[in-house]
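**Student:** Handing you this structure, nothing more for now.
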Amino acid sequence: MANLIDGKALAAKIRNEIAKDVEALKARNINPGLAVVLVGNDPASSLYVSSKKKACAKAGIESFSYELPASASEKELLDLIGKLNSNGKIHGILVQLPLPDHMDESRIINAISPEKDVDGFHPVSVGRLVLGEPGFRSCTPAGIMELIDSTEIDIKGKRAVIVGRSNIVGKPLAFMLLERHATVTICHSKTADLKGEVRNADILIAAIGRARFIGGDWIKPGAMVIDVGINRLDDGRIVGDVDFDSAKDVAGAITPVPKGVGPMTITMLLKNTVLSAQRS
Ligand code: GUN
């Protein structure tokens, strides 16, 4: 049986450290603040946003909530972002995605000041990551790096295989692993021999969005498996992109779903907000 990588416990430990950093900032009269912007009433987005606000409160970070109707114009949202950019009480701006179809997501992200881009989605943040310069790192891949490091594996020289090439997870994660001297392969829906690529992985990251897509028979014995998937089955259960039951007997270490990668994403958002306040 593989070692379980406990994201919930690691997140709790890091959130404790963040709460201490927040206290230290408050002692210097700096109150870290995060603006959370929700457009429309998508139930999943509403749930994410309320989890983020709760996590802020627990860490002592003030959250400022902005809710726009789905019918709001792109200009209204751009005007709001402009105000948040120049508001000194706000150190981080989070615009929950996805946005309604009539809004251009990249135009909205581009409008956020890179100095408040705690999601790490702005092209300046992505460019800084690619160049290895300090800046905000996107939260899910940053959380994955913390999970990997919590196992004390030496990433250097390992073969890391990422399945999924999204802007939010696959692409930024590739550069984080590369910065740590892994040999990185990014696979996607057009990859010719996906099973063969996965089989090579010392560190496998599954970010596909398909329930139990990767079976235990794909995995190299002893490999580390990080499962980013959050898929709801018809019976309501949440499962990952990896078939946990068959993978756990082959992998050396594996993240569960839930309580693996999930709790780390919000933790890294809090961390970025504190980092922004420290820089302010
Ligand atoms: N939608 C899904 N994940 C995220 C995230 O990490 N940040 C934002 N802003 N929107 C999301």
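**Student:** Could you state the angle between the C-alpha long axis of helix 170-179 and the longest principal axis of the C-alpha atoms of the chain, as a value from 0 to 90 degrees rounded to the nearest 10?
**Tutor:** Compared with the principal axis, the helix lies near 80 degrees.
**Student:** Against the globular-protein guess of 2.2 N^0.38 Å, express the Cα radius of gyration of the stretch 1-140 as a ratio, rounded to two decimals.
**Tutor:** With N residues counted in the stretch 1-140, Rg over 2.2 N^0.38 Å equals 1.13.
**Student:** Near Lys89, which lysines are there with a Cα under 24 Å away, not counting those fewer than 8 places off in the same chain?
**Tutor:** Lys20, Lys26, Lys52, Lys53, Lys54, Lys58, Lys75, Lys116, Lys271
**Student:** Going by alpha carbons, how many degrees (0 to 90, nearest 10) lie between the helix axis of 43-59 and the longest principal axis of the chain?
**Tutor:** 80 degrees
**Student:** Using only Cα atoms and rounding to the nearest 10 degrees, what angle (0 to 90) does helix 7-27 make with the longest principal axis of the chain?
**Tutor:** 30 degrees
**Student:** Separate question: Of the peptides 173-184, 134-145, 63-74, 81-92, how do they stack up when ordered by the mean number of other Cβ atoms within 10 Å, highest first?
**Tutor:** 134-145, 173-184, 81-92, 63-74
**Student:** Just want the answer: with Cβ charges of +1 for Lys and Arg and -1 for Asp and Glu, which residue in Ile230, Ile30, Leu80 is farthest toward the dipole's positive end in the chain?
**Tutor:** The Cα lying farthest towards the positive end belongs to Ile30.
**Student:** Which of these, Asp79, Asp101, Asp202, has the largest mean-square fluctuation under a Gaussian network model of the chain (Cα springs below 10 Å)?
**Tutor:** Asp101
**Student:** Running Debye on the stretch 168-268 with equal point scatterers at the Cα sites and no solvent, what base-10 log of I(q)/I(0) appears at q = 0.18 Å⁻¹?
**Tutor:** Result of the Debye calculation: -0.87.
**Student:** How large are Rg and Dmax for the chain when only the alpha carbon atoms are used, in Å?
**Tutor:** 19.0, 56
**Student:** Taking θ = phi - 60°, what integer Hz values does the Karplus form 6.51 cos²θ - 1.76 cosθ + 1.60 yield along the stretch 217-226, in sequence order, with x for Gly and Pro?
**Tutor:** 6, 8, 8, 5, x, x, 5, 8, 10, 10
**Student:** Further, regarding this structure: Which lysines, on any chain, are close to Lys190 with Cα under 20 Å apart, when same-chain ones fewer than 8 places away are left out?
**Tutor:** Candidates past the 8-residue exclusion: Lys171.
**Student:** Could you size up the charge dipole of the stretch 149-214 around its Cα centre, putting +1 on the beta carbon of Lys and Arg and -1 on that of Asp and Glu, and report it in debye to the nearest 20?
**Tutor:** Using only the charged Cβ atoms, the result is roughly 340 debye.
**Student:** Net charge within 14 Å of Lys52 by Cβ-Cβ distance, Lys/Arg positive one each and Asp/Glu negative one each, not counting Lys52 itself?
**Tutor:** +2
Coordinate-derived values only; no laboratory data. Computed from a prediction, not measured in an experiment: that's the story for all the values here. Positions of Cβ are backbone-derived with ideal geometry, glycine not excepted, and every protein chain shown enters the neighbour counts.
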